[in-house]
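First up is the structure itself, then whatever we jot down about it.
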Amino acid sequence: MQLYGTEIASRLMLGTAQYPSPSVLAEAFRRSGAGIATVSVRREASGARAGAAFWDLVRDLDVTLLPNTAGCHSVREAVTTAQMARELFDTPWIKLEVIGHADTLQPDPFGLVEAARVLTDEGFKVFPYTTEDVVLAGRLLDAGCEVLMPWGAPIGTGLGLTNIYGLRTLRAQFPEVPMVVDAGLGLPSQAAMAMEMGFDAVLLNTAVAKAGDPAAMAEGFAHAVEAGRLAFGADPMEPRDMAAPSTPLIGKAFLE
Amino acid sequence: MTQARVIGGGVAGLCVATRLVERGYEVTIFDPSPRPGPHGCSWWAGGMLAPFCEGETAEEPVVRLGQEAAAWWERQGVTLHRRGTLVLTLGRDRRELDRFARRVAGHEMLDPAGLAALEPDLEGRFNRALHVSGEAHLDPRAALIHLRDRLEQAGVRFVAEPGRPEGLTFDCRGLAARDALRDLRGVKGEMAVLHSADIRLTRPVRLLHPRYPLYVVPRADGLFMLGATQIETDDRRRSVRSALELLSAAYALHPAFGEAELVEIGADARPAFPDNLPRLVRRGETIHVNGLFRHGFLLAPALARLAVEAASDSSKPEFWHEDHD
């Protein structure tokens with residue numbers, strides 16, 4: 001899978017927040033084989049280099065880092081956070097979050113497009129956290145985004161893919177654009193479903209970090225992502241209304 | 001008499017010194033600040049001795065060794081309240097309580113009547129609650145001062161200097177020991193102290209919330225300590241955001257906190273290793289006692305016991321790291 005020209009081996013991405021400890025975080029990454037780690041810049045960065053010790057631990061994971069603008073509620077805040085992230089992590093990649101609603105943490109579509117345009121103009125490679133809205137997706141692509149990160153459900157809810165129709169439409173409208181289902185996944189089966197639908201990767205955090213055994217859950221998600229991707233590439237059968245036996249019935253000896 | 005130095009007069013240093021005195025050592029404590037106070041992160045602790053509740057996220061040794069804490073503090077003559085912990089959720093987060101119950105041993109699920117019987121002032125506000133009865137709480141500042149004064153009476157020398165290792169030395173400096181312990185990092189915790197005459201609680205209350213978890217620890221004279229923030233930074237500034245979170249969560253727990261007096265807001269960075277478990281790191285004749293994370297008053301008694309035993313009988317206890325660099 002290529003994201004902004006960079007080859008990424010794993011289709012599973014993990015966040016780095018809320019784990020019981022950095023050691024558990026590292027173990028979850030090891031067992032998941034995740035290739036990208038997202039890091040939240042805003043809160044930890046309250047004082048210049050104050051979060052340096054934790055970030056060093058994250059760097060030691062030896063995966064590609066994708067800083068995010070989690071918790072930003074305005075274009076200006078998101079842009080400033082992105083600039084800080086570029087300096088701190090020496091990368092033009094930024095997962096762009098512009099939150100529009102404090103309770104659902106739903107993206108602000110208008111601010112998102114504006115911030116994406118500003119950041120793209122400044123040379124950033126923007127990964128926008130967006131809804132499944134097709135029109136909004138088009139505007140983000142117009143603004144210069146080459147990857148989209150539609151939500152499955154609101155952040156941290158674990159509800160899975162709440163608008164399957166919308167996600168299918170989005171996938172079908174822009175078949176060439178790499179898309180990562182980001183947020184709302186709670187179980188590996190939901191990740192497998194996203195991959196079966198042809199999404200290129202999934203990103204999750206809470207489902208792993210808040211599990212009783214985060215490392216085991218991370219490995220579970222890795223298997224699910226692998227299973228879903230294989231199924232997508234294997235051209236699945238179409239569902240049908242009538243039962244169709246896989247072995248012929250005619251000629252069976254003991255049919256009643 | 002065998003001599004021992006303790007560097008750092010926080011909860012780790014005072015517990016180690018107490019164990020050393022018990023074993024007949026002649027002890028000198030070095031700390032630039034002569035008395036327990038706001039310079040050390042022990043000062044900002046909640047004082048919950050809650051090994052079972054901490055087991056929601058902490059590793060097994062915290063649950064096991066933390067169970068030693070209450071009896072130890074009691075033996076030192078510290079005032080201790082064995083009234084358990086109450087765990088609550090707001091209406092729409094009620095499933096958090098089921099998750100917590102699955103992961104935490106020794107709890108009992110209470111109905112509204114059961115909750116009202118334990119804490120009358122919370123009557124009618126919550127449909128269910130967990131009571132973890134085998135837990136306790138203390139006033140951490142009073143406990144530090146008590147240990148310190150008792151050590152002085154026992155002949156321990158307090159030297160108001162940074163202190164250097166010499167002979168048998170227990171380095172209990174916390175985050176200041178980062179010059180020697182490279183894995184150590186700061187995890188910021190913020191707290192507030194409120195005064196209210198309108199509400200009475202007799203045991204710590206934990207409010208589970210996916211974004212703004214809170215604990216409230218009652219102290220004497222109508223004081224309540226609020227805490228729970230945990231941020232990966234060694235920045236010690238008191239942030240408006242954390243204050244808003246703590247105070248809003250307290251208000252959601254009981255509106256009486258909205259009318260309370262804001263007595264104090266504090267913040268400090270707690271020393272932690274990557275697994276958030278403490279370590280005993282030996283270098284020559286120095287033993288580092290560090291990484292107590294958010295479990296200072298809970299784990300310092302056990303960690304001090306292991307450290308002093310190791311020094312006396314050359315055992316290699318749990319959390320032991322030999323370090324030769």
Worksheet item: Which whole-Hz couplings ³J(HN,Hα) result when phi for each residue of region A:11-25 is put into the Karplus expression 6.51 cos²θ - 1.76 cosθ + 1.60, θ = phi - 60°, listed in order with x for Gly and Pro?
Response: 9, 10, 10, 10, x, 10, 9, 6, 6, x, 6, x, 5, 5, 4
Item to complete: Evaluate the distance, in nm, between pseudo-label points positioned 7 Å from the Cα of A:Glu7 and of B:Arg237 along their respective Cα→Cβ axes.
Response: 4.4 nm
Fill in: the protein assembly as shown - mean residue ellipticity at 222 nm from DSSP helices (-39,500 (n - 2.57) per run, n ≥ 4, rounded to 500)
-10000 deg cm²/dmol
Response to the item:
Amide H proximity to A:Cys145 below 5 Å, modelled H, separation 5+ or other chain, gives none
Worksheet item: Which length gain, in nm to one decimal place, applies between A:Glu87 and A:His101 when the Cα-Cα distance is subtracted from 0.36 nm times their residue separation?
Response: 2.2 nm
Practice prompt. Straight distance only, please: which aspartates and glutamates reach the Cα of A:Lys95 with their own Cα at less than 13 Å, same-chain residues fewer than 8 apart left out?
Written response: A:Glu146, A:Asp182
Worksheet item: Using a Förster distance of 51 Å, how high is the FRET efficiency between B:Arg157 and B:Ser133, based on the Cβ-Cβ distance and rounded to 0.05?
Response: 0.75
Worksheet item: If one takes the accessible area of chain B alone plus chain A alone and subtracts that of the pair, with a 1.4 Å probe, what total in Å², rounded to the nearest 100, results?
Response: 1700 Å²
Worksheet entry | Distance-filtered residues of region A:194-216 - backbone nitrogen under 11 Å, label point 7 angstrom along A:Ile164 Cα→Cβ | A:194, A:197
Worksheet item: Residue separation times 0.36 nm, minus the C-alpha to C-alpha distance between B:Leu244 and B:Glu59: what's the value?
Response: 63.6 nm
Discussion item. From the gyration tensor of the Cα coordinates in the protein assembly as shown, what semi-axes in whole Å does the equivalent ellipsoid have, largest first, with each one equal to sqrt(5λ)?
Written reply: 47, 27, 25
Practice prompt. Quote to one decimal, in nm, the extra length available between B:Glu166 and B:Ser314 on full extension: 0.36 nm per residue of separation minus the C-alpha distance between them.
Written response: 51.5 nm
Worksheet item: For peptide A:18-25, how many partner chain Cβ atoms fall within 10 Å of a residue's Cβ, on average?
Response: 5
Worksheet entry | Spin-label model distance (nm) - A:Glu176 vs B:Ala71, 7 Å beyond Cα toward Cβ | 7.2 nm
Response to the item:
To the nearest 10 degrees, the tilt of helix A:109-121 (Cα long axis) against the first principal axis of the alpha carbons of chain A is 60 degrees
Practice prompt. Of the DSSP beta bridges with both residues in the protein assembly as shown, give the percent that are antiparallel, rounding to the nearest 5.
Written response: 50 percent
Worksheet item: Antiparallel as a % of all DSSP beta bridges within chain B, to the nearest 5?
Response: 65 percent
Item to complete: Report, by chain and number, residues whose modeled amide H sits under 5 Å from the one on A:Leu3, excluding near sequence neighbours (fewer than 5 apart, same chain).
Response: A:Ile8
Fill in: For chain B: relative contact order, % (alpha-carbon pairs under 8 angstrom, 6 or more apart)
24 percent
Fill in: Amide H partners (placed H, <5 Å) of A:His73, local residues excluded
A:Ile99
Worksheet item: Per-residue HN-Hα couplings for region B:138-154, Karplus 6.51 cos²θ - 1.76 cosθ + 1.60 at θ = phi - 60°, whole Hz, x for Gly and Pro?
Response: 9, 8, x, 5, 4, 5, 4, 5, 4, 4, 4, 5, 5, 5, 4, 4, 7
Worksheet item: Where both partners of a DSSP beta bridge lie in region A:13-154, what percent of those bridges are antiparallel, to the nearest 5?
Response: 5 percent
Worksheet, complete the sentence: Simple spin-label estimate for A:Ser246/B:His39, 7 Å along Cα→Cβ, in nm, reads 7.4 nm
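The values are calculated or read from the model by the stated rules, or taken from the named source; none is laboratory data. Small disclaimer: the values here were computed from a predicted structure and weren't measured. Reconstructed Cβ throughout: ideal geometry from the backbone, glycine too, with neighbour counts over all protein chains shown. Please note that ligands, DNA and RNA were not included when accessible areas were found on the heavy atoms of the full protein model with its side chains. Shrake-Rupley method; radii C 1.70, N 1.55, O 1.52, S 1.80 Å.
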